Amino acid sequence: MDSSRHIAKHVANLPKSGIRDFFEIVSKMKDVISLGIGEPDFDTPWHIREAGIYALEKGKTHYTSNLGLIELRRAIGKYVEKNYSVSYAPENEVIITVGVSEALDLACRALINPGDKVMFHQPCYVSYSPSITLAHGIAVPVPTFAKDNFALTVEALRAAWQPGCKLLMLNLPCNPTGGTCDRAQIEAIAKFAVEKDLIVLSDEIYSELTFEGVHTSIASILGMKERTIFLHGFSKAFAMTGWRIGYACGPAALIEAMMKVHQYSMLCASIISQEAAIEALVRGEDGMKKMRDQYHRRRDFIVRRFNEIGLKCHLPRGSFYAFPDISKTGLNEKDFAVGLLQTEKVAMVPGTAFGENGNGFCRACFATSYEQLIEASNRIERHVQSLAAKK
Amino acid sequence: MNPVLKLLLEGGSLNTAQMAQVLNLSEAEVNRQLDDLKKQRVLLGWSPVLNLSDEEAGTVRAVIEVRITPERGGGFNRLAERISRFDEVESCYLMSGGYDLLVFVNGASLQRVAAFVSEKLSTVEGVLSTATHFMLRSYKEHGFLLEGKVEETERLKVAP
């Protein structure tokens with residue numbers, strides 16, 4: 001019996017993640033230097049891990065409230081107010097989720113009616129478009145460009161907008177481009193959102209890793225708090241990817257709606273991760289800044305090397321990704337990435353894994369040691385030179 | 001802060017050629033900066049962090065609490081510097097609390113260390129008393145864990 005015929009149409013039609021294909025190839029190879037990961041190379045700082053262990057010792061093994069531990073929500077309220085200049089009531093404007101991924105999914109499911117259109121900038125994180133589709137919405141991609149350092153512009157938003165658009169998803173700084181927007185650009189996007197009556201889902205998971213200028217949250221712009229759901233988590237800044245812990249802040253009515261979906265699907269986030277997250281917020285800032293400084297220096301190195309090699313690379317203002325333009329090699333991003341992997345054993349992710357307009361680019365994560373970055377850049381250089389010699 | 005120094009403090013083990021690549025300097029420039037740091041006595045030297053078995057190490061380490069008489073004008077400095085000059089002394093710190101100097105000592109055997117304390121250290125004029133604690137086992141040295149195997153944390157090779 002062909003069991004695939006039982007699969008719901010909208011799931012069956014979901015394209016397979018481009019990253020999966022590439023992962024299959026890489027996982028079969030040995031001694032690969034991988035610039036293909038999307039997480040910090042640091043393990044979670046010990047004091048945070050220890051807080052998780054202590055939570056278990058104390059018998060913290062039960063459900064928490066659906067919204068999450070109130071102590072954690074209070075700590076989040078303080079952290080967000082201090083760092084993003086917008087205040088949320090821990091009692092009813094904050095919900096703890098299983099990573100930002102769940103928060104994003106909750107927001108989609110709570111807000112999208114079938115056929116509602118959702119704008120999001122591309123190239124972008126792999127789950128945006130599928131999250132919209134799974135909530136029966138229609139994905140409306142808005143391109144960002146290397147010439148703008150992959151910042152989202154109002155012109156592009158205006159060009160992509162169509163009647164029926166209800167939501168706008170932002171991810172600034174952005175995975176995979178490292179692009180972000182300065183305050184003036186954020187204000188312009190906010191104005192556009194008000195004009196078009198859009199609710200903004202703002203995924204700011206990389207905001208602590210902003211290297212140039214100051215990160216501005218769109219939620220902090222006057223008039224935006226009531227139409228913004230601020231999404232954040234612990235994975236990147238505190239090196240806690242495996243803990244699966246994130247949160248959403250927003251107007252009480254929207255958080256309540258998200259909580260309904262959350263309580264019937266997830267119930268609550270892991271209590272151990274919640275306890276560890278409190279420790280991260282209360283005492284993790286110094287460690288976080290140390291990691292950020294290291295990413296900053298590694299970024300400067302790898303971006304300089306890409307440009308030396310002749311792969312034009314803009315300076316990513318945030319995140320731990322460089323997004324070099326590989327089109328000069330004469331190959332498309334997939335062939336380039338596969339060739340590089342096979343001849344030099346260096347893994348970079350083809351840009352099209354993050355949307356069609358990632359064509360001609362590859363994503364290189366620089367959250368790895370200097371030794372690895374130096375060796376990887378030397379191998380990439382050799383590969384690019386040998387490609388040029390063949391032309 | 002000097003960029004070379006910053007890189008050293010990150011704790012990696014890059015050679016000067018690698019440091020030059022990371023910092024976008026010539027190797028000669030990195031060497032020049034290292035020399036400057038030495039001249040300024042900011043960088044005093046290099047010392048490997050080892051995890052040797054007892055036989056390989058062949059040494060005994062002790063921590064000694066030393067009470068001394070401070071002197072008019074110089075306080076504890078003259079005596080502390082004098083004690084620090086012994087080859088057996090690895091490190092020497094002025095401490096707050098119940099004693100004055102904390103002295104880390106290294107010797108070929110327990111007897112040698114004991115002899116150093118009784119014949120040299122405690123006979124220095126101005127030393128009032130010593131309390132010697134022999135180290136039995138190391139768990140962490142200069143930021144490196146010694147005991148237990150270091151688990152290689154598995155990261156996916158490609159992740160979104």
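The values are calculated or read from the model by the stated rules, or taken from the named source; none is laboratory data. Remember, it's a predicted structure, so these values are computed and weren't measured experimentally. Glycine also receives a Cβ, built like all others from the backbone with ideal geometry; neighbour counts cover every protein chain displayed.
Which is free of Cβ contacts under 8 Å to residues at least 24 places away in the same chain, more than 30 Å from residue A:252 (Cβ to Cβ), more than 12 Å from every other protein chain (Cβ to nearest Cβ) and under 22 Å from the mean Cα position of the chain (by Cα), of A:58, A:16?
A:16
Would you mind finding the one in A:37, A:19, A:33 that is within 30 Å of residue A:275 (Cα to Cα), buried (at least 18 other Cβ atoms within 10 Å of the Cβ) and of a type in the set (Val, Ile, Thr)?
After ruling out the rest, the residue left standing is A:37.
Looking at the range A:366-391, which of the residues that are surrounded by fewer than 17 Cβ atoms within 10 Å (Cβ to Cβ) and hydrophobic (A, V, I, L, M, F, W, C) is farthest from the other protein chains (Cβ to nearest Cβ)?
A:389
Given the criterion within 14 Å of chain B (Cβ to nearest Cβ), at pLDDT 95 or above and touching a helix residue (DSSP H, G or I) at 6+ places or on another chain (Cβ under 6 Å), identify the matching residue among A:305, A:299, A:292, A:363.
Selected residue: A:305, the only one of A:305, A:299, A:292, A:363 that is within 14 Å of chain B (Cβ to nearest Cβ), at pLDDT 95 or above and touching a helix residue (DSSP H, G or I) at 6+ places or on another chain (Cβ under 6 Å).
Any residue at all in the range A:123-136 that's of a type in the set (S, T, N, Q), more than 28 Å from residue A:357 (Cβ to Cβ), part of a loop (DSSP other than H, G, I, E, B) and in contact (Cβ under 8 Å) with a residue 24 or more places away in the chain?
no
Quick one: which residue in A:86, A:80 is in contact with a His (Cβ under 8 Å, 6 or more places away or on another chain) and within 12 Å of residue A:250 (Cα to Cα)?
A:80
Residues are listed down the side, and each one gets a yes or a no for (1) farther than 22 Å from residue A:123 by Cα; (2) surrounded by 22 or more Cβ atoms within 10 Å (Cβ to Cβ); (3) among the hydrophobic types (A, V, I, L, M, F, W, C); (4) under 17 Å from the mean Cα position of the chain (by Cα):
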position	(1), (2), (3), (4)
A:308	yes, no, no, no
A:325	no, no, no, no
A:339	yes, no, no, no
A:343	yes, no, no, no
A:353	no, yes, yes, yes
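I'm trying to understand the selection: among the residues of the range B:65-109, which are of a type in the set (Gly, Ala, Ser) and surrounded by fewer than 14 Cβ atoms within 10 Å (Cβ to Cβ)?
Answer for the range B:65-109, where residues must be of a type in the set (Gly, Ala, Ser) and surrounded by fewer than 14 Cβ atoms within 10 Å (Cβ to Cβ): B:73, B:74, B:75, B:91, B:96, B:97, B:98, B:108, B:109.
Among the listed residues A:191, A:196, which satisfies the condition of being in contact with a Phe, Trp or Tyr (Cβ under 9 Å, 6 or more places away or on another chain), among the basic types (Lys, Arg) and surrounded by fewer than 17 Cβ atoms within 10 Å (Cβ to Cβ)?
A:196
Confirm whether residue B:47 is loosely packed, with under 13 Cβ neighbours inside 10 Å and either among the aromatic types (Phe, Trp, Tyr) or modelled with pLDDT under 95 (or both).
Considered against the rule, which asks whether it is loosely packed, with under 13 Cβ neighbours inside 10 Å and either among the aromatic types (Phe, Trp, Tyr) or modelled with pLDDT under 95 (or both), residue B:47 comes out as yes.
Look through the range A:360-383, keep the residues that are part of a helix (DSSP H, G or I) and of a type in the set (S, T, N, Q), and return whichever of them is nearest to residue A:323 (Cα to Cα).
My answer is A:377.
Out of A:212, A:279, A:285, A:204, which single residue is farther than 26 Å from residue A:185 by Cα, more than 14 Å from chain B (Cβ to nearest Cβ) and touching a residue at least 12 places away in the same chain (Cβ under 8 Å)?
On inspection, the qualifying residue turns out to be A:279.
Among (1) within 30 Å of residue A:206 (Cα to Cα); (2) in contact with a Phe, Trp or Tyr (Cβ under 6 Å, 6 or more places away or on another chain), which single condition is residue B:152 missing?
Against the list (1) within 30 Å of residue A:206 (Cα to Cα); (2) in contact with a Phe, Trp or Tyr (Cβ under 6 Å, 6 or more places away or on another chain), residue B:152 comes up short only on (2).
Can you go through B:37, B:8 and tell me which one is under 20 Å from the mean Cα position of the chain (by Cα), within 30 Å of residue B:137 (Cβ to Cβ) and assigned to a helix (DSSP H, G or I)?
The conditions single out B:8.
Give the range A:310-328 a look and list any residue that's without any contact (Cβ under 8 Å) to a residue 60 or more places away in the chain and assigned to a loop (DSSP other than H, G, I, E, B), or say none.
Hits for the range A:310-328 are A:313, A:324, A:326.
Mind checking which residues of the range B:17-33 are more than 9 Å from chain A (Cβ to nearest Cβ) and either buried (at least 17 other Cβ atoms within 10 Å of the Cβ) or farther than 20 Å from residue A:377 by Cβ (or both)?
Answer for the range B:17-33, where residues must be more than 9 Å from chain A (Cβ to nearest Cβ) and either buried (at least 17 other Cβ atoms within 10 Å of the Cβ) or farther than 20 Å from residue A:377 by Cβ (or both): B:20, B:25, B:28, B:30, B:31, B:32, B:33.
Which one of B:82, B:61 is among the charged types (D, E, K, R), touching a residue at least 60 places away in the same chain (Cβ under 8 Å) and out of contact with any Gly (no Cβ under 7 Å at 6 or more places or on another chain)?
Answer to the selection: B:61.
Determine if the range A:267-283 includes at least one residue that is out of contact with any helix residue (DSSP H, G or I) (no Cβ under 8 Å at 6 or more places or on another chain) and not in a loop (DSSP other than H, G, I, E, B).
Checked against the condition, which is being out of contact with any helix residue (DSSP H, G or I) (no Cβ under 8 Å at 6 or more places or on another chain) and not in a loop (DSSP other than H, G, I, E, B), the range A:267-283 yields no hits at all.
Just give me the residues in the range A:19-55 being without any contact (Cβ under 8 Å) to a residue 12 or more places away in the chain, at the interface with chain B (Cβ under 9 Å from one of its Cβ atoms) and over 21 Å from residue A:127 (Cβ atoms), in sequence order.
None - no residue of the range A:19-55 is without any contact (Cβ under 8 Å) to a residue 12 or more places away in the chain, at the interface with chain B (Cβ under 9 Å from one of its Cβ atoms) and over 21 Å from residue A:127 (Cβ atoms), so the list stays empty.
Answer yes or no: is there a residue in the range A:170-178 that is touching a helix residue (DSSP H, G or I) at 6+ places or on another chain (Cβ under 6 Å) and farther than 25 Å from residue A:116 by Cα.
yes
Residue B:36: on the phi < 0 side of the Ramachandran plot, surrounded by fewer than 11 Cβ atoms within 10 Å (Cβ to Cβ), away from chain A (no Cβ under 13 Å) and among the charged types (D, E, K, R), yes or no?
Considered against the rule, which asks whether it is on the phi < 0 side of the Ramachandran plot, surrounded by fewer than 11 Cβ atoms within 10 Å (Cβ to Cβ), away from chain A (no Cβ under 13 Å) and among the charged types (D, E, K, R), residue B:36 comes out as no.
Which ones in the range A:253-306 are aromatic (Phe, Trp, Tyr) and not assigned by TED's automatic domain parsing to the domain that holds residue A:73?
Passing the criteria: A:295, A:301, A:306.
Sort out for me the strands (runs of 3 or more DSSP E) sitting completely within the range B:61-160 that have 3 or more residues that are within 14 Å of chain A (Cβ to nearest Cβ) and within 30 Å of residue A:30 (Cβ to Cβ).
Answer list for the range B:61-160: none.
For residue A:112, are the conditions met, namely being over 30 Å from residue B:153 (Cβ atoms) and at pLDDT 95 or above?
Taking the combined requirement at face value, the residue satisfies it.
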